[in-house]
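Here is the structure we will look at, set down as structure tokens.
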Amino acid sequence: LVVDPGVDYHWYRLDSNGRWSHKPGNTAATDLDASGAQITNPETADRDYGSVNYSQFCGYFYVPTGGIRTAP
């Protein structure tokens with residue numbers, strides 16, 4: 001999870017092929033950062049898209065394959 005403080009938040013996903021991807025807005029999912037480089041680490045990827053700059057890296061979250069139960 002990364003944030004542009006007071007503006008927006010954004011998620012990256014570690015795919016089964018070992019690469020990171022994300023889906024910026026209404027565009028197709030991609031494994032490239034704002035500079036067009038492959039994302040090898042979301043902490044160090046270029047996250048400045050001009051209109052939004054996800055300058056704060058918040059951390060990693062794990063979701064098991066079976067999902068997360070949110071209700072009894």
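A short reminder: the numbers here are calculations on the coordinates, not readings from a lab. These numbers were taken from a predicted model, which means no experiment stands behind them.
A few points about this structure:
- Per residue, the convex hull spanned by the alpha carbons of the chain comes to 124 Å³.
- Relative contact order (%) - criterion: Cα under 8 Å, at least six apart; region: the stretch 13-67: 20
- When the chain is treated as a GNM with alpha-carbon contacts under 10 Å, the residue of Asp31, Asp46, Asp15 showing the greatest mean-square fluctuation is Asp15.
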